[in-house]
Every structure is written in C-alpha cells, then in structure tokens.
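Please read the structure below before turning to the comments.
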C-alpha cells in the first residue's frame, strides 16, 4: 500500500521512455546529395565518368535525379533518374539503378572531307550495379560501386559521291550502343 | 582502393562488345526484262500513250516525233498546231535519241540502234537493227544489265538496308538492281519513276547529208546512210570524255562536253577532223551556231557536276581559235534554238526566254514564257515547240512581242 505513490511517481518516466523509442523507429525523409567519379571500361577504351545526384532518402530507399559527364567514345552528358536501396548491417551494402538520356556534349566530330552531313545525337542511358559504403562522418558516407552501363548514340553521315556535287546525297545512319563495366567512388552527403 | 576501382572494370571489359548498326534508305529499281525477239517484234506504231517523261523532239513535215525517255517515241500529228493529236507510240525500250532523214528514222535502243521507215507514221516499219553501237550505255551505280535480254520496265522499291558499321562506308548495292541512295537536300527520289540512261541530254544524234553522226560519252560514230535503210558504221573516233551534245552547222560539227565545245571539220565526212576547242568550266553543254557565233549553254546539277549557269557566246571567225565574246548569267539554261535574230533559250524554272540576238554583245530580252522547267526547244515556220517538265508546248512567235500559246499536250500524272 505504501508503494502505490512510487508507482504513480514513476509512471511519467515510463511513458517518456516509450515515446523516445517510437521516434527512433520511424524513418525520416532526408535530403541527400551523392557525388561520384570513376571509370567506364568497354570494348573501345576506358574513360572517365562523373555524376552528381540529388534526392530524398527514406529509410533504406533513395530516389532522385542526377546529371553526369561520360567520356566513353563520345563525350556525353547523361541525365537520369537515380534509385538506390541500402541493406545489410548498418546499411553497408547497396544496389543502384540509373536510367535516362545521354546528351551529346560539345564538339565530338572532326571535319571529314566530302562529308555533307555529320550529326551526332544522344540516346538511352542505363547504369545498374551494387556497392558497399561506410560511414565517413556523422552525416556522410563514402562508397565504392561496380556496375554495368550502356549508352546509345546516333551518328548521321552524309556525303556527295561526286566531286562538285550530285543531285542525290548519300546518307546513312549509324546506331551505336556502348556496353561498359563501370566502377565509381562516391561521397554521399546527408544521412 | 584506386587501383581496385580501375582494375575491376578493365579486367571485365574484355567481355564487353559494342553494338553498331548502319541503316541506309535506298530506292531500288528492279529491272523487268523482256526477250530481244519480243521487244523487237513490238517496235511498231502501237496505240498512243500519254506523255510522262518527254525528252528530245524532232519535226518532220507535220509530224512531231517526241522521245519518251527510255520508252520510245510519241508520234504526234501536228497538221493543226493548235490541236496536235497523239496518234501512235513506237515502243523502243532504252530510247533516248532520234534523228530523221527523209522518211527514215534512226533511234537508239540501249546499246543498239534501230532504223525505221516512217513513211506512214501510223504504221512504221523496222528496216534494220545495228547491234552494240553504244556499248557505253549504262545506268551506273554498280548496276550491270543482262545484255541477253532487254529492260522493258522498272519496278521501284524503297527499302531500308541494315548492315554492320564495320564496312567503312555506305551499304553496298547490288549488281542486279539499280539503286539510288537516300537524298536529303537536292533532288528527291520520290518523283523518280525509273533510272534514266546515262547521258540523257540534248541531241546526241545528228545527220549531215548522207552521214549520221552520234556521240557517246567519249566517241564520235559515223554511219554512211547513202542507203538510208542500211546504215553502215565507220570507225569510231575518240573525241575526249564526258561528251554531251552534237550540233551540225554547214560543214562543221559542234560537240559539247562537260569541259568545253569542240569543233570538227566534215571536209572528209567519214573522218571528222578536230579543228578547235573552246574550254570553259565543268558544266553541261548544249550548243548551236550561226554564221558567226556559237551559242553554248552551261548548267549545273545532274550529271554535269558544275556550278555555272550561263550562256556563252563564242566568235567563230577563226575556227582554229574560237574566242569567248560574252557571257550572260542564266538560271539553269538547257536547250536552245535560233531563228534569224531570235534566240530561244530554255532556262529551266525561269521558263523560255526569247532574245533579240542581232547584237550578241547586247542581247535584248523580248519575252519570257513561264513554263515548268523548260528543257528543249525547236523552231519551224514561226512556231516554237517547247518540251517542259509538264508537257509539250507550241507557241506562235510570228510577232515576237506577242508570243501566243497555240497548244499544250500535258504530262500524264497517272502511273
């Protein structure tokens, strides 16, 4: 009977503890920015790639958009949607998928004699893979990823088969799809 | 870490294989062959056909013989120029050129030549076939015709060809069909119903007295037509390259080429002798002449590979050294004709132009007749017959200041 007032006194503390545990379990929506750079290696060569993504992290899921620069064969600027999923102990592992369009950047083609047309166009951009990440600072993570990427381009070439001009110009279209293995080092700002 | 980052992709890159597909839109013309015997048996005055692609024109009395490029000859009764009547069609596959002496007509038929009696235009009669007169006749673009048969028509097929980019150039074409590559700027393939034979320009046949002279791309051929129905071929004369036209004047031949005008003497009609050459920039080159001057039109486009569009007037007082007198800029001059001091020039899309040429240093433009791409013109009895892209016109120019359209036979748009 004398202990009833102890229980009444302790009750508020008990409810307070429960409240703190509930706030910890509910994932928060956080803004993240991911900067990455690496190499893309394919049949033709090994060239640098770099990306900048921004988006929202909700629990283990990240969704956002990004832009990059890709020097493989043709210099292009991919613009893409970026999806990631982190899992494992301390969310040290992740898988990612990028999809979008790569735009042609700057001057890619040298003038060729007798060409009446030399147009380079962009195309589909895809990149997907897996990685590992570690805590770099209280809010940031550093990661390494390996993936498979493809980018497409269209090259339209025209030339005149006769010197001095002909009524019909020969035009043909080359449709490229480049397949690469990519590896990137990334810094994830925000946590 | 950096080493791992670079090494892993490089290690696995050997498994990667880029993809490249080359696409090219081409128009294929698939030849339809007929047997030589059947084709030759059909060379007669058949039912009249509508005009589709008129070429060269020839007048004999009241009858017009109008070439239908690669198909044959329209026979048109022109007794009433205000109402010409298309009375017959002579089927001659591969025909591009004609020449007439008396009642005998000579026409090319691909590599061969046919001699026709046209005494009765409604019932022409074949007199002789001369084989392999024009061996240079071809369609180019890699197409090789089956010479055991005769091409009587073409079937057009537009198609997209896909091949590997490794081939290093446009998609290769086939020998058994004629192909035109896709066109972006310039001439569209959409209006082309068949490949015209190489060398389709103004006159390449001409007759002087008892000799028929024909030019191919590089040779001048002489036929003795003393017996008109039995032309006898002499030795061909090499006269250069890229020969376009031939025009007789008195005892001379004026031969136009892509690089200039040549003058040949017919002192020995069986052995024309080179007299002089007037060179100009690369272009196409129809030419006519009067007592004092040669009139040479140059136009760009098509096979001519030049960029000039002009009329050159060349003085002929010293035939061993013709001299350019004056140049007049034009739009796209093609065939021309002269009647006294009146000079008629087919100036492409600019129409038919009539000049007072009494002073060649100061041509006076008298009249412009708007037509759709004027191609060739001949004049007789104060009537100008004009071949254009859309038909055959006849104009009365008895009063040059008031040229009057007498009649027009339209091009048929039906297939």
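Here the label points at residue A:44 and residue B:38, each 7 Å from Cα along the C-beta direction, are separated by 5.2 nm in the simple model.
Between the C-alpha center of segment B:57-72 and that of segment B:1-39 there is a gap of 49 Å.
Give me A:174, B:97, B:158 ranked fewest to most by other Cβ atoms within 10 Å of their Cβ, as a rough exposure proxy.
Working: A:174 17, B:97 25, B:158 12.
Neighbour counts put them in this order, fewest first: B:158, A:174, B:97.
For the segment A:175-185, counting C-beta atoms of other chains within 10 Å of every residue's C-beta and taking the mean gives 5.
What full-extension length gain, to one decimal in nm, is calculated for residue B:19 and residue B:210 as 0.36 nm per residue of separation minus the Cα-Cα distance?
On the way: separation 191, 0.36 × 191 = 68.76 nm, distance 6.66 nm.
Contour length minus Cα-Cα distance gives 62.1 nm.
Ordered by packing density, taken as the mean number of other Cβ atoms within 10 Å over each peptide's residues, highest first, how do A:141-149, B:396-404 rank?
Values: A:141-149: 20.1, B:396-404: 13.1.
Per-residue Cβ counts within 10 Å, averaged per peptide and sorted highest first, yield A:141-149, B:396-404.
Rounded to 0.05, the FRET efficiency of the residue B:356 and residue B:390 pair, given R0 = 30 Å and the Cβ-Cβ distance, is 0.60. Among B:221-234, B:332-345, the peptide with the highest mean count of other Cβ atoms within 10 Å heads the list, and the full ranking is B:332-345, B:221-234. A Förster radius of 25 Å combined with the Cβ-Cβ distance from residue A:148 to residue A:52 puts the calculated FRET efficiency at roughly 0.75.
Output the peptides B:246-255, B:125-134 sorted from most to least packed, where packing is the average of other Cβ atoms within 10 Å over each peptide's residues. Intermediate values should be presented prior to the final figure.
On the way: B:246-255: 20.6, B:125-134: 16.5.
Ranking, from highest mean packing down: B:246-255, B:125-134.
Counting beta carbons within 10 Å around each of B:20, B:165, B:346 and listing the fewest first gives the order B:20, B:165, B:346.
Report the FRET efficiency, 1/(1 + (r/R0)^6), for residue B:399 and residue B:129, where r is their Cβ-Cβ distance and R0 is 35 Å, rounded to 0.05. Write out the running numbers ahead of the final one.
Numbers: r = 46 Å, r/R0 = 1.32.
The pair residue B:399/residue B:129 has a calculated efficiency of 0.15.
With each label modelled as a point 7 angstrom along the Cα→C-beta vector, the residue B:158-residue B:232 pair spans 5.4 nm. Using only alpha-carbon positions in segment B:86-165, the gyration tensor eigenvalues give semi-axes of 33, 15, 9 Å once each is multiplied by 5 and square-rooted (largest first). The spacing between segment A:89-106 and segment B:201-250, judged by their C-alpha centroids, is 75 Å.
Values quoted throughout were computed directly from the atomic coordinates according to the rules given, and no laboratory measurement underlies them. Bear in mind that the values here come from a model prediction, so they are computed numbers and not experimental data. Using ideal geometry, Cβ is built from the backbone for each residue, glycine included, and neighbour counts are taken over all protein chains shown.
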